[in-house]
Amino acid sequence: MEPFTNIRAFIIDMDGVLWHGEQPQPGLQDFFQALHDHQIRFILATNNASLTREQYVTKLARMGVTTVTRDNILTSATATALYLAEHNNPETTRVFIVGEDGLRQPLLDQGFTLTGLYEVNDSSKETPNLGAHIVVCGKDQTLTWDKLATATLNIRAGAAFIGTNADTTLPTEHGITHGNGAILAALKVATGVTPTIIGKPEPIMYQQALSLLGADPSQTVAIGDRLETDILGAVRTGIRSLLVLSGISTEDDLQKSDYQPTWIMPDIRTITQALLG
């Protein structure tokens, strides 16, 4: 592997890298102290769309990290809201979400109108245009039959179908469970429509992170635990990458992969040691 040098910025995944659910990874506080001491800028870029940026700041504070602000955080929900605002007029666009506050708030902040359950365009009704122009699906621990039904009805009525991310699994303190990709799969089967994905491995989110950092891509490294999202996204964006083996992907997965990270390390403790040199 190439020397661990010429690094001025990190784009860091969270689930599986910094924590498993509510369990912080060993060495979490030392890792952020090392970033501060070496003046390395960073964006915490997660495909998880369930929490707001403020909620992530609070979560890190509970784990003893108090140096992170909302400006350091980019979720796939925030990235989706930015992307949709670039391609639609929020003032005239209605959106139905399968998701939680982490997805709802960025869309409201951009000025989109959010529609409710069973509000679907129907020309036979007195007020036919109540449905959504866009359905956005993110990780949702409050998922219900009614949410899935409303999303299905809107997509079948012609609404665009957007997925914040397509992660099929999620590392938690209980083990590996289903991710947003499983919800997208259900809606895809029900509608026959394939969603447009905003999060990793599509380059959109990494490009937004680079813009927020004001960083030179040649001096920026993406850190993640998933080959098929974090590392592939970095490859597609043209930046170096570091895979930690503390989350989803394993050494066996590496042997089967057509693409490789620039570096492989066991966890964030090893990254800290490498920074300390």
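Bear in mind these aren't lab numbers, they're just calculated from the coordinates by the rules spelled out. All of these numbers come straight from a predicted model, not from anything done at the bench. Cβ atoms come from the backbone with ideal geometry, glycine included; neighbour counts cover every protein chain shown.
Structural remarks
- Put a plus charge on the Cβ of each Lys and Arg, a minus charge on the Cβ of each Asp and Glu, and nothing anywhere else: the dipole of the chain about its Cα centre is then about 280 debye.
- The Cα-based radius of gyration and maximum Cα-Cα distance (Dmax) for the chain are 19.2, 69 Å.
- Our coupling estimate for the stretch 99-114, obtained by passing each phi through the Karplus curve with A = 6.51, B = -1.76, C = 1.60 and θ = phi - 60°, is x, 10, 4, x, 9, 4, 5, x, 5, 5, 4, 7, x, 6, 8, 9 Hz, Gly and Pro reported as x.
- Antiparallel DSSP beta bridges within the chain, as percent of all bridges there, nearest 5: 15 percent
- With a simple spin-label model that places each label point 7 Å from the Cα along the Cα-to-Cβ direction, the separation between residue 252 and residue 8 comes to 4.2 nm.
- Cleavage-rule hits (trypsin sites (Lys or Arg not before Pro)) in the stretch 115-178: DSSP loop, at most 16 neighbouring Cβ within 10 angstrom: 125
- As a calculated quantity, the FRET efficiency between residue 156 and residue 37 at R0 = 45 Å, using C-beta atoms, amounts to about 0.25.
- For the stretch 250-255, 3J(HN,Hα) computed residue by residue from phi via the Karplus equation (6.51, -1.76, 1.60; θ = phi - 60°) reads 10, 5, 4, 4, 4, 5 Hz, glycine and proline entered as x.
- Unit charges at the beta carbon, dipole of the chain: most positive-side option, 206, 7, 221: 206
- Relative contact order (%) - the chain, alpha-carbon pairs under 8 angstrom, separation at least six: 22 percent
- Taking only the alpha carbons of the stretch 89-197, we obtain Rg and Dmax values of 14.0, 49 Å in that order.
- Comparing 115, 33, 266 along the charge dipole axis of the chain, the residue lying farthest to the positive side is 115, per the Cβ-charge model.
- Antiparallel DSSP beta bridges within the stretch 138-277, percent to nearest 5: 30 percent
- Assuming charge only on the beta carbon of Lys and Arg (+1) and of Asp and Glu (-1), the dipole of the stretch 89-197 about its Cα centre is about 300 debye to the nearest 20.
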